[in-house]
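Colleague: Mind looking over this structure? Questions follow.
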Amino acid sequence: MKIFNKIRPTRVYLESVSESGKTIGFVPTMGALHEGHLSLLKRSKQDNDITTCSIFVNPIQFNNPEDLEKYPHTLKSDIKVLESLGCDMVFVPSVEEIYPEPETTVYDFGHLDKVMEGKYRHGHFNGVAIVVRRFFEIIRPNRAYFGEKDFQQLIIIQKMVEMLNLDVEVIPCPILRESDGLAMSSRNTRLTSRQRKVAPVIHKTLLNIKTKVRTKPFDEIKKWVKQNINKQPEMKLEYIEIVDKQTLLPISSLDENKRCIACIAVYLGEVRLIDNIKL
Ligand code: AMP
């Protein structure tokens, strides 16, 4: 596996790949890799001749300095995992390599980045869009893989690709879960063993929503979610929203086309966890 820290050698390598007519798949990550990330890489390997990955903890998408500071770093073991999976290239740039100048771009995603995550993490999606676009320019992939775990992020990346007419196919990948239902996340490693035991309540609550939407008004369901989450030790609900999967606009009753998704953000102690379920 090729490991690059700088843009120039990355371009030299990838230009030779493209010139030989091979397709490039790309999985952007912030490292601390788990099976969820690996499922994206496996999918890329199926679809493309060459699979590339980036590991970069993007400072401009963190609205909370403590979250950035405590973000797990496991580069050595990440590289081993990528190698054993047969990833062809990993790009691990420094912050200076990606942002030689301060970034000032401001994207207009309409209300897509104002709701849910956007409402509580100001500037988060602008930072995500900037770094993903930068990586698309560097890697120039044919296909890029994003997890539905970060559903709103996926919709915003799709919107950016459409708005800027970028020549890349965005491939959504399903959420991978632990055996008790907890969505895999790099942040799970920050949970204490007590918190880890409570954490599956998030997915159980989402499964309950899926049943309740058939018979109960959405307002009532959201109240129940708040009570159910907040009564758990160390858990606090940040939001629960039931929205249209494409527009992310709130929905007040189950529509026939089944375009609804329930998205949740929960603090478990100091760790912020997100999850979602299609209804
Ligand atoms: P991150 O390293 O958290 O920025 O995630 C990198 C990519 O992996 C994003 O596209 C995430 O949506 C995806 N991802 C993270 N967790 C999971 C999961 N449990 N299942 C599927 N994809 C995931």
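The values are calculated or read from the model by the stated rules, or taken from the named source; none is laboratory data. Every value quoted in this text rests on a predicted model; they were computed, and no experiment measured them. Cβ: placed from backbone, ideal geometry, glycine included. Neighbour counts: every protein chain shown.
Colleague: Looking at the stretch 140-182, which of its residues are assigned to a strand (DSSP E or B), within 7 Å of the ligand (Cβ to nearest atom) and of a type in the set (D, E, K, R)?
Modeller: If the condition is that a residue be assigned to a strand (DSSP E or B), within 7 Å of the ligand (Cβ to nearest atom) and of a type in the set (D, E, K, R), then Arg177 is the only one that fits.
Colleague: Being among the hydroxyl-bearing types (Ser, Thr, Tyr) and under 20 Å from Val198 (Cα atoms) is the filter here; which residues of the stretch 213-241 pass it?
Modeller: Within the stretch 213-241, Tyr239 is the sole residue that qualifies.
Colleague: Now a separate question. With of a type in the set (Lys, Arg) and either touching a helix residue (DSSP H, G or I) at 6+ places or on another chain (Cβ under 6 Å) or at pLDDT below 95 (or both) as the only criterion, which of Lys76, Lys80, Lys70 stands out?
Modeller: Being of a type in the set (Lys, Arg) and either touching a helix residue (DSSP H, G or I) at 6+ places or on another chain (Cβ under 6 Å) or at pLDDT below 95 (or both) holds for just one of Lys76, Lys80, Lys70, which is Lys70.
Colleague: While we're on this one: So which helices (runs of 4 or more DSSP H) stay within the stretch 1-94 end to end and still have 1 or more residues that are touching a Leu at 6+ places or on another chain (Cβ under 9 Å)?
Modeller: Filter on the stretch 1-94 gives 35-47, 75-85.
Colleague: So the check is Cβ under 7 Å with 6+ separation or different chains; which pairs have a first residue in the stretch 132-148 that's of a type in the set (Ser, Thr, Tyr) and a second one that's within 9 Å of the ligand (Cβ to nearest atom)?
Modeller: Tyr145/Val27; Tyr145/Leu40; Tyr145/Cys173
Colleague: So which residues in the stretch 19-42 are surrounded by fewer than 15 Cβ atoms within 10 Å (Cβ to Cβ) and either within 15 Å of Ile138 (Cα to Cα) or within 16 Å of the ligand (Cβ to nearest atom) (or both), if there are any at all?
Modeller: Glu35, the sole residue that qualifies.
Colleague: With the requirement that a residue be of a type outside the set (Gly, Ala, Ser) and either in contact (Cβ under 8 Å) with a residue 12 or more places away in the chain or surrounded by 18 or more Cβ atoms within 10 Å (Cβ to Cβ) (or both), what does the stretch 1-18 give you?
Modeller: Met1, Lys2, Ile3, Phe4, Asn5, Lys6, Ile7, Thr10, Arg11, Tyr13, Leu14, Val17
Colleague: Here's a follow-up. All but one of (1) under 20 Å from Asp167 (Cβ atoms); (2) hydroxyl-bearing (Ser, Thr, Tyr); (3) without any contact (Cβ under 8 Å) to a residue 40 or more places away in the chain hold for Ser84, so report the exception by its number.
Modeller: (1) is the only condition that Ser84 fails.
Okay, residues lined up against (1) crowded, with 18+ Cβ neighbours inside 10 Å; (2) out of contact with any Asp or Glu (no Cβ under 7 Å at 6 or more places or on another chain); (3) closer than 24 Å to Leu14 by Cβ; (4) modelled with pLDDT under 95:
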position	(1), (2), (3), (4)
Phe135	yes, yes, yes, no
Ala144	yes, yes, yes, no
Ile157	yes, yes, yes, no
Asn165	no, yes, yes, no
Pro174	no, no, no, no
Leu191	yes, yes, no, no
Ala199	yes, yes, no, no
Leu237	yes, yes, no, no
